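The values are calculated or read from the model by the stated rules, or taken from the named source; none is laboratory data. This structure is a prediction, so every number in the text was calculated from the model and none was measured. Quick reminder, even Gly has a Cβ in these numbers, built from the backbone with ideal geometry, and neighbours come from all protein chains shown.
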Amino acid sequence: MGTLTATDIAWHMRCFAQGLQHEWVTPNALLYAWESDLLTVTRDGFVCEIEIKCSRNDLLNDLKKPKHSQGMLMNGAFMDKRSGKSKTRNESHEDDRKRSGAVSCRRPNYFCFAMPCAIYRKLPPGLLPPYAGVYTVDDEGRVFEERRSIQLHGERIAAEDLLALARKMHNRYWEELRRMRHLPMMQTGESVVDVAGNGE
């Protein structure tokens, strides 16, 4: 199979989550104040965020992000972003929640990393935060739970958040179809062929 890519790991984790009967698996989701590689939702309405890492450097860079370094995941702290830096729409939404009296930022119930087995085996002890679960994927696509994640809170996902995830997947589906149908024609030696394989 060769070197695992982020797409490979995402696919294997998606299959693994479905095997656990998680009802939603959304890639590249913008539900919190940060983008999540994968968000899965269990039958009980609990959200698990899966952060995919393909290299040690990628992992080390991720640990510097506010969701880890500022305690956003662990204890629900709101992001402290340096003044002068523009905020994303989701970050501004969290600011609005805080001004309205919310005592913690929105965050998943569980957080875990997914990475190739070879990357995990070389990590020094104590590098990963204690709340983070760890899944590894081998070259055959098998997924192993190396460490179970700690439940961060007991609040279930709101119906409007599920609807937001569904809307994003809906829009992504139609955008993909649009791109497939409007790809430029390809010139071959004999004829011009469109994506559907129709010659002109």
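Assorted remarks:
- Residue match in the range 13-23 (condition: surrounded by fewer than 21 Cβ atoms within 10 Å (Cβ to Cβ), more than 13 Å from the chain's Cα centre (by Cα), among the aliphatic types (A, V, I, L, M) and assigned to a loop (DSSP other than H, G, I, E, B)): yes
- Of the listed requirements (1) over 16 Å from the mean Cα position of the chain (by Cα); (2) crowded, with 18+ Cβ neighbours inside 10 Å, GLY76 misses just one: (2).
- Considering (1) modelled with pLDDT under 95; (2) surrounded by 17 or more Cβ atoms within 10 Å (Cβ to Cβ); (3) not in a loop (DSSP other than H, G, I, E, B), the lone condition that LEU31 does not fulfil carries the number (3).
- If you go through the range 79-94 and pick out every residue that is farther than 18 Å from ASP161 by Cβ and surrounded by 15 or more Cβ atoms within 10 Å (Cβ to Cβ), you end up with 2.
- Against the numbered list (1) surrounded by fewer than 21 Cβ atoms within 10 Å (Cβ to Cβ); (2) assigned to a loop (DSSP other than H, G, I, E, B); (3) hydroxyl-bearing (Ser, Thr, Tyr), THR7 comes up short only at (2).
- Selection from the range 95-142 of residues that are of a type in the set (Lys, Arg), more than 21 Å from the chain's Cα centre (by Cα) and surrounded by 13 or more Cβ atoms within 10 Å (Cβ to Cβ): ARG97, LYS98
- Complete set of residues in the range 1-60 that are among the charged types (D, E, K, R) and more than 30 Å from SER86 (Cα to Cα): ASP8, ARG14, GLU23, ARG43, ASP44
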